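Everything on this sheet refers to the single structure shown next.
Coordinate-derived values only; no laboratory data. Owing to the predicted nature of the structure, the values given are computational and were not obtained by experimental measurement. Cβ: placed from backbone, ideal geometry, glycine included. Neighbour counts: every protein chain shown.
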Amino acid sequence: MKGKGVLLQGSSKSNGNTNKIITYIQEKTGFDIIDLKSKNIGAFDYEFKNQDDDFIPLMKNIVETYDIIIFATPVYWYAMSGILKNFMDRITDCLKIEKEIGRQLRGKTMGMISCGSDAELKEGFTMPFIETANYLGMHYLGDIHTWIEDEKITKSLQHELDVFIEEKIIHI
């Protein structure tokens, strides 16, 4: 594994199914978890009037501390969560007014974990993550779709997660 990693949890429920998945991954990788719900991050604003929220200090910490950034989101209405969408939209701040932070994303590694109510993810879900990584000059390590059954991670999903961790995260 090349460097330190972080799991950015973008769920409206801090201790929900997405958290069960990333806690499993954290136990296997030692990655830190940042719960975006616990941060005050406003929506993107063309006039940049939200500069006093938590976004810029959080991004500064992320680019200075981590080499691997994995977004974790529940599937809400066939898309990423609103919390995560706001966060990703705000990356524009790092390209317009905090350019030094934006430049530090280049060369880092990005991945994505989705957690839904069933085992199938609709086509196109991963596109915003892949294209964002491409645009920012980041390496896209891949993604995995997960789900919880009876409040637990199934043995078969544990196996899939272990393979994902071993092949995509550990061997980058």
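Things to note:
- Counting charges near residue 164 (Lys, Arg +1; Asp, Glu -1) among other residues having Cβ under 11 Å from its Cβ returns a value of -3.
- Taking Cβ atoms as reference points and 15 Å as the exclusive limit, the residues near residue 45 contribute a net charge of -3, counting Lys and Arg as +1 and Asp and Glu as -1.
- Estimated at 0.36 nm per residue, the fully extended path between residue 117 and residue 4 surpasses their Cα-Cα distance by 37.7 nm.
- Highest-fluctuation residue, 98, 47, 131 considered, GNM on the chain with Cα pairs under 10 Å: 47
- The charge dipole of the chain, taken about the Cα centre with unit charges on the Cβ atoms of Lys, Arg (+1) and Asp, Glu (-1), comes to about 340 debye, rounded to the nearest 20.
- Difference of contour (0.36 nm per residue) and Cα-Cα distance, residue 127 to residue 160: 9.8 nm
- Farthest positive-ward along region 5-170 dipole, Cα basis, beta-carbon charges - from 94, 148, 124: 94
- Beta bridges per DSSP with both ends in region 5-170, % antiparallel, nearest 5: 10 percent
- For the chain, with +1 on Lys and Arg beta carbons and -1 on Asp and Glu, the positive-most of 84, 138, 41 along the dipole: 138
- Highest to lowest packing among 36-44, 151-159, 78-86, scored as the average C-beta count within 10 Å: 78-86, 36-44, 151-159
- Anchor residue 99: lysines whose Cα lies under 28 Å away (excluding residues fewer than 8 positions away in-chain): 2, 4, 37, 39, 49, 60, 85, 108
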